[in-house]
Amino acid sequence: MFTLGSVLDNELKSSVEDFSFETEFSTNQLMLPNIEKPFEFAQSIISLEKDLDENDNQPMFHQQKKEERKERALIKGSKGTTTLAFIYEKGTVVAVDSRATSGQYIASQSVQKVVPVNQYMLGTLAGGAADCQFFLGHLGRICNLYELRNNEKISVAAASKLLNNILYSYRNYGLSVGSMICGYDTRGPQLYYIDSDGSRLKNSLFSVGSGSPFAYGVLDAGYRWDLSKEDAIDLGRRAICAATFKDSYSGGTVKVYHIDENGWVKISDDDASELWYRYEEKEKKNK
Amino acid sequence: MDSLVGFVGKNYVLMAGDTNAGRSIMRLKEDFDKLVPVDSHKILAKSGEIGDGNQFCNLIIRNVSLYRINNETELSTKSVAHYTRRQLATAIRKNPYSVNLLLGGYDKKDQKGSLYYLDYLGSSKKINYGAQGYAALFVGSILDRFWKEDLDFEDGLELMKKCLREVEKRLIIGTRCFLIKMINSDGIAVVEKVMINSKKKNEIEEEN
């Protein structure tokens, strides 16, 4: 029965829903395995690379449990990859490799490490492939719902904050996500780094993965805000190439994407080893 | 690896933090602000894990705002410190927040500033001067030696720079960029963003 009161109530309810993110995947409801003590179970079977380091700011009882975990670790997560992204005057450049390793074995040379969130936002994958793919895909769903409810494009800051809050609630459950949310919105090109520890950092350039120190070297040396589009793309490509050359956990193909006000575009897809020798040839010719 | 320093002066509180954000050996961001404003006259300086720091400080800030909206009155620094301590203490045995904090604030009612030292274990102490992180090792003795009650602002700033100079000089991990903020009756102000290079003659360069 629709009285005036109930109509207003309904309107109020739906307008509140517009500004909230209450879905079945709401951050209030944590999805957990259907066993007696999910937290302890997760802690017992997963050991991450960082947990194996001794230098920690952790309380004493955490360190004791860490010893037990090391012995019983069945799943080992490590961020064996190189992904990078940077923003510059004309947009955002995202460059990734495509190798997946399990231990010392190369599982695949053709992994998609860039997941489109929507037409103007990309997410990169580092760490656990399943974790990243799921959560970035889920982020895409949430962003789509936001756009439908609010009739405006979601900002990169908001999208990254949503992902950050979700990942923070799964903080100690052994997820391994080192993702960058890269996009272009009304504030210009934006770049956020999101971690499974719950960190969220905004900066003009990031590189994530085991090959990141090598990529940072090339990137920091060549980065300027006023790069031309061609130079920026080349910088991204060279930085990943350098990382694949030095890091054994990175390789395969080098994929480069560019994001500007018109959305994201895949620029190139080159085999990493060929690329290295191609650059060498170029240097020789220039000399 | 984070360095936070703070002390109370004559009608102000001076706080400084390094501006590095990193992961293990790598510096991810060089201009990271660790001194977050709780409200117009309080700063929460965070150190420890980035994610925990962000989320915990957000929790405190938003609950303080909620209190202000519900009760139309601002909380005193002492109350915020107690509330923060309680949140840390109840969390420590469930899902601990790995954050160590310095809470500095100016209370208009008492017309003076106060500084609180808060630990991830849930300890809290009102202090006149103090530091968090590795800086505490170097800076503690300097503050013991040179801090006086009711320091003028110029003297206070000089003392702060003395402390930061020592941190840059002795801490093997590179922290040369610091952000200094002040709280007084007018509110929070960014005093300086300094870059210290103890090898150069003109040691401290002000960055704009």
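Quick notes on this structure:
- Unit charges on C-beta of K, R, D, E only; dipole of chain B, Debye: 660 debye
- Listed by Cβ neighbour count within 10 Å, with the fewest neighbours leading, B:7, A:245, B:32 appear as A:245, B:32, B:7.
- Per-peptide average of other Cβ atoms within 10 Å, ordering B:131-138, B:108-115, B:14-21 highest first: B:14-21, B:131-138, B:108-115
- Local charge for residue B:102 was computed over the other residues whose Cβ lies under 15 Å away, with Lys and Arg +1 and Asp and Glu -1, and equals +4.
- Within-15-Å neighbourhood charge of residue A:227 [Cβ basis; K, R +1; D, E -1]: -2
- Gyration tensor over alpha-carbon atoms, the range A:216-287, equivalent ellipsoid semi-axes in Å: 21, 16, 13
- Dividing the summed -39500 (n - 2.57) terms of all DSSP H runs of n ≥ 4 by the residue count of chain B sets its mean residue ellipticity at 222 nm at -11000 deg cm²/dmol.
- Placing +1 on each Lys and Arg Cβ and -1 on each Asp and Glu Cβ, with no other charges, gives the range A:133-191 a dipole about its Cα centre of roughly 120 debye.
- Magnitude of the charge dipole for the range B:13-54, about its Cα centre and with charges confined to Cβ atoms of Lys, Arg (+1) and Asp, Glu (-1), is about 60 debye.
- For the range B:1-83, alpha-carbon Rg relative to the globular expectation (2.2 N^0.38 Å, N residues): 1.22
- Once the C-beta distance of residue B:25 and residue B:195 is scaled by a Förster radius of 35 Å, the resulting FRET efficiency is 0.95 to the nearest 0.05.
- Isotropic mean projected area of the C-alpha convex hull, chain B (nm²): 11.7 nm²
- Computed packing ranks the peptides A:264-272, A:124-132 as A:124-132, A:264-272, most packed first, by mean other Cβ atoms within 10 Å.
- Listed residue (A:178, A:129, A:156) projecting farthest to the positive dipole end of the range A:120-198, Cβ model: A:156
- Span from the the range A:245-275 Cα centroid across to the the range B:111-171 one, whole angstrom: 48 Å
- Within 10 Å of the Cβ of each residue in B:48-60, the mean number of Cβ atoms contributed by other protein chains is 4.
- Pairwise FRET efficiency - residue B:58 versus residue A:220, Cβ, R0 = 22 Å, nearest 0.05: 0.10
- Peptide A:197-207 shows a mean partner chain C-beta count of 5 within 10 Å per residue C-beta.
- Within 10 Å of each Cβ in B:21-33, the average number of Cβ atoms from other chains: 4
Coordinate-derived values only; no laboratory data. Quick caveat, the model's predicted, so the values are computed rather than measured. Ideal geometry is used to build each Cβ from the backbone, glycine not excepted, and the neighbour counts take in all protein chains shown.
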